[in-house]
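Read-outs: derived from the displayed coordinates by stated rules, not from any lab. Owing to the predicted nature of the structure, the values given are computational and were not obtained by experimental measurement. Positions of Cβ are generated from backbone atoms using ideal geometry, with glycine treated the same way; all protein chains shown enter the neighbour counts.
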Amino acid sequence: MQLAFSPQHGDHDGDDPLFLQIAQDLREQGWSVIPNALPVTLAEGLHSQILGMGEEQFSPAGVGRSTDFTLNPFVRRDEILWIEGRTQAEKDWLQWSNRLRLTLNRRLFLGLFSFESHFAHYPPGAFYRKHVDAFRGNPGKDPTNRVLSVVAYFNPGWLPEDGGELDMYREDELEPFLRVTPAFGTLVVFLSEELPHEVRAANRHRYSIAGWYRVNNSLGSQIDPPR
Ligand code: OGA
Ligand code: MN
């Protein structure tokens, strides 16, 4: 996907420099990895919520969407909790994600319409095999319309032996071109259709948020909701 780029306009010079950096990375290479990206209060708010959540709040993650949803422990073993804005930290996260959405729409003309995201917990041994978050396809046929994927990590003091890296692949290559450590505050953003990726088995509890921006896939007057 070739992205257009809009130069800075006088009326929007309030854009967060971080969001502008992400826009530039996406335009130049289709992905962006930024350490310590999350504002400290946002990262700490989400982290303390995660620490306070019990295992029972998470559900095993499935493969596929609504009607063809299945559990497949050979593909993924993470546990998830959708973010709905129940807490102040969740509200702050949704607001921050929305500001990123607006900047990316202004700079890259992506037409991002909605955002869905969930907490993910990978217990020791859990992984998520190589996959893409969306399939290229005709509008209306593509079950997700996910355009952009976002992942944020909440793991202080993550060590190399803890594993759990995110490996990013180019479509036609067997070796990853990038390996991301799931360190506290790191943010990854990438084009959902273009970059296969994989979560390597973690050796300790691994916490993240994964989210997706979607374009609208309305049928007639019906708006297609996320998830
Ligand atoms: C996903 C995903 C990556 C990660 O949930 O689709 O690829 O590093 N997550 O948690
Ligand atoms: Mn993914």
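Highest mean packing comes first when the peptides 17-25, 117-125, 55-63, 168-176 are listed by Cβ atoms within 10 Å, giving 117-125, 17-25, 55-63, 168-176. Applying 1/(1 + (r/R0)^6) with R0 = 41 Å to the Cβ-Cβ distance of residue 3 and residue 41 gives a FRET efficiency near 0.85. Based on alpha-carbon atoms, the Kirkwood radius and the radius of gyration of segment 17-214 give Rg/Rh equal to 0.93. The simple Förster model, with R0 at 30 Å and r as the Cβ-Cβ distance, assigns residue 51 and residue 167 a FRET efficiency of 0.65.
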